[in-house]
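Undergrad: Can you keep this structure in mind? I'll have questions shortly.
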Amino acid sequence: MTDTLQALHSHGFDMSTVVPPEPGTPARVHVQCSQCEALAINGHACHEYGCPNTTYACVECGDTVDHRGATCGDCVFQHLEG
Ligand SMILES: [Zn+2]
Ligand SMILES: [Zn+2]
């Protein structure tokens, strides 16, 4: 559950919290973003369109990057090494 929370935080859902479970139900994570009305749709956390906290996947390795279609620092560095 904390892994889920960390993953959410790394994707810009910086206000996400673990919801204390009701008796007999599993703990849930409440998806929240400080910059938009973030939603969880079919188990996927989504920022509103244009949210500055929106993150994208590196085109080469899938790591988190800031711009759509961008390459992360690690992959760029590998290219520089040659
Ligand atoms: Zn957001
Ligand atoms: Zn990468």
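The values are calculated or read from the model by the stated rules, or taken from the named source; none is laboratory data. Everything quoted here is computed from the prediction, not taken from an experiment. Please note: Cβ atoms are built from the backbone with ideal geometry, for glycine as well, and neighbour counts cover all protein chains shown.
Undergrad: Of all the residues that make up region 56-76, how many are out of contact with any strand residue (DSSP E or B) (no Cβ under 6 Å at 6 or more places or on another chain), surrounded by 10 or more Cβ atoms within 10 Å (Cβ to Cβ) and farther than 22 Å from residue 5 by Cα?
TA: 8
Undergrad: Now, a different point. Exactly one condition in (1) out of contact with any Asp or Glu (no Cβ under 9 Å at 6 or more places or on another chain); (2) hydroxyl-bearing (Ser, Thr, Tyr); (3) in the same structural domain as residue 2 (by TED's automatic domain parsing); (4) within 16 Å of ligand 1 (Cβ to nearest atom) is false for residue 25; which is it?
TA: For residue 25, the exception is condition (4).
Undergrad: Right, something else. Considering every residue within region 43-50, establish whether at least one is more than 13 Å from ligand 1 (Cβ to nearest atom), of a type outside the set (Gly, Ala, Ser) and either in a loop (DSSP other than H, G, I, E, B) or assigned by TED's automatic domain parsing to the domain that holds residue 18 (or both).
TA: The answer is yes, given that some residue of region 43-50 is more than 13 Å from ligand 1 (Cβ to nearest atom), of a type outside the set (Gly, Ala, Ser) and either in a loop (DSSP other than H, G, I, E, B) or assigned by TED's automatic domain parsing to the domain that holds residue 18 (or both).
Undergrad: Restricting to region 12-23, name every residue that is surrounded by 13 or more Cβ atoms within 10 Å (Cβ to Cβ) and either part of a loop (DSSP other than H, G, I, E, B) or in contact with a Gly (Cβ under 6 Å, 6 or more places away or on another chain) (or both).
TA: Scanning region 12-23 gives 12, 13, 14, 15, 16.
Undergrad: Also: Could you tell me whether any residue of region 57-67 is in a loop (DSSP other than H, G, I, E, B) and within 9 Å of ligand 1 (Cβ to nearest atom)?
TA: Scanning region 57-67, I find no residue that is in a loop (DSSP other than H, G, I, E, B) and within 9 Å of ligand 1 (Cβ to nearest atom), so the answer is no.
Undergrad: Let me ask you something else. So if I check each of 40, 70, which one is in a strand (DSSP E or B) and either in the same structural domain as residue 10 (by TED's automatic domain parsing) or within 13 Å of ligand 2 (Cβ to nearest atom) (or both)?
TA: None of the other options fit; the residue is 40.
Undergrad: Being polar (S, T, N, Q) and exposed (fewer than 13 other Cβ atoms within 10 Å of the Cβ) narrows it down to one residue among 42, 53; which is it?
TA: Every option except 42 fails the conditions.
Undergrad: Would you point out the residue of region 24-36, among those that are assigned to a loop (DSSP other than H, G, I, E, B) and surrounded by 10 or more Cβ atoms within 10 Å (Cβ to Cβ), that is farthest from ligand 2 (Cβ to nearest atom)?
TA: So the residue we want is 27.
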